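Working notes, structure below.
The values are calculated or read from the model by the stated rules, or taken from the named source; none is laboratory data. Note that this is a predicted model, so its numbers are computed, not measured. Here the Cβ positions follow ideal geometry from the backbone for every residue, glycine too, while neighbour counts run over all protein chains shown.
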Amino acid sequence: MEVDYIIAGSGIAGCTLAAELHLRGCKLAMFSIQDKNSSSRIAAGLINPIVPKRVIPAWNAEFIFPAIENYYRQLELLTKDTFYDSMPMIQIHGSENEFHQWKIQSEKKDMQPFLRSFPPGRIHGIEASFGYCEVNFCGRLDVLKFCESMENLMMQRHHFHHSLVDYNQIIFESNFVKYGNLKAKGMVFCEGTSIENNPFFSNIPVNKSWGDILEISVSQHPDPGIIFKQKHWCISKTNGNFLCGSNFLLEEGNKEDVELKSEEILNSVTKWFPVKSLISSVRGARPVMPDRRPVMGRHPHFPALMVYNGLGTRGCSLSTWLSPLLADHITLNSELPEEVRVERFPFHSK
Ligand SMILES: Cc1cc2nc3c(=O)[nH]c(=O)nc-3n(C[C@H](O)[C@H](O)[C@H](O)COP(=O)(O)OP(=O)(O)OC[C@H]3O[C@@H](n4cnc5c(N)ncnc54)[C@H](O)[C@@H]3O)c2cc1C
């Protein structure tokens with residue numbers, strides 16, 4: 001059976017790319033398993049245009065973030081489902097120093113579209129003794145729901161296989177790939193941290209940035225329509241519970257470490273409102289490149305094999321810009337931005 005492209009992986013990368021290729025009229029086959037530990041199934045889906053440590057806009061924030069809501073609305077129409085909520089975020093400062101740092105930054109020209117600084121006071125029922133900032137262009141993608149909606153679209157209109165791609169079974173030339181009974185113009189690997197097992201892209205140095213996400217129930221929440229953030233954040237889910245997180249850890253750690261870090265997150269949240277119960281606590285890994293830039297494009301020696309990875313801490317926002325670019329690159333051979341090209345990692349010769 002002939003299709004245009006085969007996509008390995010149904011996380012944010014694979015699903016947004018599938019949507020883009022679908023919209024360009026391509027016939028697709030997708031392979032993936034419901035891996036509950038994959039980054040996209042754990043992610044909270046927070047959309048935040050600010051890098052909190054340095055209080056600067058995220059990479060290319062000026063054009064990525066204002067376009068995100070429309071991007072997901074278009075995919076909601078495509079899948080006839082809902083998974084995106086635009087929500088204001090309140091960054092509550094923890095000290096006077098923090099207040100001054102955010103205030104100074106909020107007055108800079110490139111930050112003005114994103115931040116508005118306020119002095120100490122109560123905001124949406126929460127005491128902000130050192131002031132706060134309102135952050136624009138924030139929201140939440142229900143990542144699990146989005147990926148499931150896209151998998152359904154694949155099942156209904158294309159082909160979806162509940163299995164991993166077995167690298168040993170791939171037969172390829174420069175302009176086609178055969179896999180089982182499928183023949184395609186190319187295969188795109190959107191495998192998240194599992195790319196470390198992929199023999200074709202073994203040159204890509206993926207790192208894992210571990211993080212915890214807690215689901216909690218809350219007895220009295222001052223305003224579920226607002227994302228509250230200090231070092232940690234708390235955001236509502238459509239089922240009435242709340243997600244809170246996260247952290248950035250170099251190691252997977254053990255059960256005790258998960259409990260310890262979960263406690264830290266819970267302590268932050270209980271400063272704002274009483275937590276009724278901890279429903280779950282999960283730790284997962286974000287796929288991160290050493291230079292903190294995603295990686296995409298064709299294998300220089302085997303161009304029918306392609307990669308899309310390294311979405312890091314901002315998969316839900318970066319994919320809205322990068323997936324259309326990759327789909328154009330695949331179908332029209334357009335150029336990719338230099339910072340994300342796969343060639344930046346040296347390939348061993350054929
Ligand atoms: C704790 C935590 C919190 C996060 N919070 C946020 C957040 O709030 N906002 C945000 O924007 N981002 C967040 N992220 C980051 C975001 O989740 C990632 O950037 C994104 O999920 C990466 O998506 P991906 O599709 O590249 O990889 P993944 O989500 O890992 O998906 C890869 C998929 O490929 C499949 N696969 C692997 N190998 C194969 C194979 N050989 N064949 C077929 N399929 C294969 C896997 O089963 C999986 O389904 C968070 C991540 C973590 C861990």
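Any residue in the range 271-283 that is in contact with a strand residue (DSSP E or B) (Cβ under 6 Å, 6 or more places away or on another chain), part of a helix (DSSP H, G or I), among the polar types (S, T, N, Q) and over 17 Å from Asn207 (Cβ atoms)?
Looking for residues that are in contact with a strand residue (DSSP E or B) (Cβ under 6 Å, 6 or more places away or on another chain), part of a helix (DSSP H, G or I), among the polar types (S, T, N, Q) and over 17 Å from Asn207 (Cβ atoms), one finds none in the range 271-283, hence no.
Against the test of being under 24 Å from Asp212 (Cα atoms) and either in contact (Cβ under 8 Å) with a residue 12 or more places away in the chain or crowded, with 21+ Cβ neighbours inside 10 Å (or both), the options Asp110, Asp85, Asp81 yield a single qualifying residue, Asp85. Does Leu243 satisfy the criteria of being outside the structural domain of Ser334 (by TED's automatic domain parsing) and within 15 Å of the ligand (Cβ to nearest atom)? Judged against the criteria, Leu243 is a match. Within the range 327-340, residues that are in the same structural domain as Glu20 (by TED's automatic domain parsing) sit with their Cβ atoms under 8 Å from residues that are surrounded by fewer than 16 Cβ atoms within 10 Å (Cβ to Cβ) and among the small types (Gly, Ala, Ser), at 6+ positions apart or across chains, in these pairs: Asp328/Ser334.
Within the option set Phe65, Phe83, Phe31, being at pLDDT 95 or above, in contact with a Ser or Thr (Cβ under 9 Å, 6 or more places away or on another chain), of a type in the set (Phe, Trp, Tyr) and assigned by TED's automatic domain parsing to the domain that holds Glu148 holds for one residue only, Phe31.
Inside the range 206-265, residues that are outside any loop (DSSP other than H, G, I, E, B) and within 22 Å of Leu141 (Cβ to Cβ) make up a count of 23.
Conditions tested, residue by residue: (1) of a type in the set (A, V, I, L, M); (2) farther than 25 Å from Leu311 by Cβ.
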{"residue": "Lys80", "(1), (2)": "no, yes"}
{"residue": "Ser95", "(1), (2)": "no, yes"}
{"residue": "Asp110", "(1), (2)": "no, no"}
{"residue": "Asn136", "(1), (2)": "no, no"}
{"residue": "Leu164", "(1), (2)": "yes, no"}
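Cβ separations smaller than 6 Å between residues 6+ apart or across chains give the following pairs from the range 226-237 residues that are surrounded by 24 or more Cβ atoms within 10 Å (Cβ to Cβ) to residues that are modelled with pLDDT under 95 and part of a loop (DSSP other than H, G, I, E, B): Phe228/Trp272.
What tally of residues in the range 104-137 results from selecting those that are among the basic types (Lys, Arg) and more than 28 Å from the chain's Cα centre (by Cα)?
1
Only residues that are within 13 Å of the ligand (Cβ to nearest atom) and in contact (Cβ under 8 Å) with a residue 60 or more places away in the chain were counted in the range 1-49, giving 33.
Of all residues in the range 306-322, those satisfying the criterion of being within 16 Å of Gly186 (Cα to Cα) and within 12 Å of the ligand (Cβ to nearest atom) are Val307, Tyr308.
Go through the range 239-277 residue by residue and tally those that are surrounded by 12 or more Cβ atoms within 10 Å (Cβ to Cβ), touching a Ser or Thr at 6+ places or on another chain (Cβ under 7 Å) and farther than 29 Å from Ser319 by Cα. Count: 1. Taking the criterion of being outside any strand (DSSP E or B), away from the ligand (no atom under 11 Å from the Cβ) and in contact with a strand residue (DSSP E or B) (Cβ under 6 Å, 6 or more places away or on another chain), the residues of the range 154-168 that qualify are Met154, His158.
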